[in-house]
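Student: Handing you a structure now.
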Amino acid sequence: MDRLRQRADFLAAATGAKAPSSAFVLQARQRRDDGKIRVGFTVSKRVGNAVERNRVRRRLREVVRLSPPAHMQPGHDYVLIGRRPALNLPFARLIEDFDRALHRVHAARPDTDRRGGKGLAASPNAGTGE
């Protein structure tokens with residue numbers, strides 16, 4: 001498993017599937033290759049001071065480290081965006097939330113928009129003025 005470090009990789013992952021949780025948001029994007037799994041972590045200044053942000057980041061890194069490798073798919077980039085509740089949630093709950101989020105991003109269908117509904121082009125009356 002590799003780490004995401006380039007800003008362009010984080011921006012590309014933001015265009016993929018998203019699975020929000022109380023403690024984090026998981027973003028996943030399938031790359032064109034079948035290379036290693038890459039994971040990135042980010043925590044904004046709104047979460048707290050540097051000590052709190054680093055603590056959130058450490059907890060999220062440990063959740064990913066302890067997760068079964070079979071749940072993450074090769075050729076994917078994953079980004080975890082930490083939220084403030086990650087400071088106080090029990091660690092077992094973080095692990096459960098991460099597993100659920102992984103299942104949700106891999107179950108997301110690419111022909112739907114972010115709201116989960118069909119896009120305008122898929123509408124039977126698209127372009128007819130009805």
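The values are calculated or read from the model by the stated rules, or taken from the named source; none is laboratory data. The structure presented is a predicted model; accordingly, all values stated were derived computationally and were not measured. Glycine gets a Cβ as well: all are built from the backbone with ideal geometry, and neighbour counts include every protein chain shown.
Student: Anything in segment 28-52 that is touching a strand residue (DSSP E or B) at 6+ places or on another chain (Cβ under 6 Å), within 13 Å of residue 80 (Cα to Cα) and free of Cβ contacts under 8 Å to residues at least 60 places away in the same chain? List them, or say none.
Tutor: Those that are touching a strand residue (DSSP E or B) at 6+ places or on another chain (Cβ under 6 Å), within 13 Å of residue 80 (Cα to Cα) and free of Cβ contacts under 8 Å to residues at least 60 places away in the same chain: 29, 38, 39, 40, 41, 42, 43.
Student: For segment 18-40, enumerate the residues that are surrounded by fewer than 20 Cβ atoms within 10 Å (Cβ to Cβ) and small (Gly, Ala, Ser).
Tutor: 22, 35, 40
Student: For segment 67-94, how many residues are modelled with pLDDT of 95 or more, more than 22 Å from residue 14 (Cα to Cα), among the aliphatic types (A, V, I, L, M) and part of a helix (DSSP H, G or I)?
Tutor: Of the residues in segment 67-94, 2 are modelled with pLDDT of 95 or more, more than 22 Å from residue 14 (Cα to Cα), among the aliphatic types (A, V, I, L, M) and part of a helix (DSSP H, G or I).
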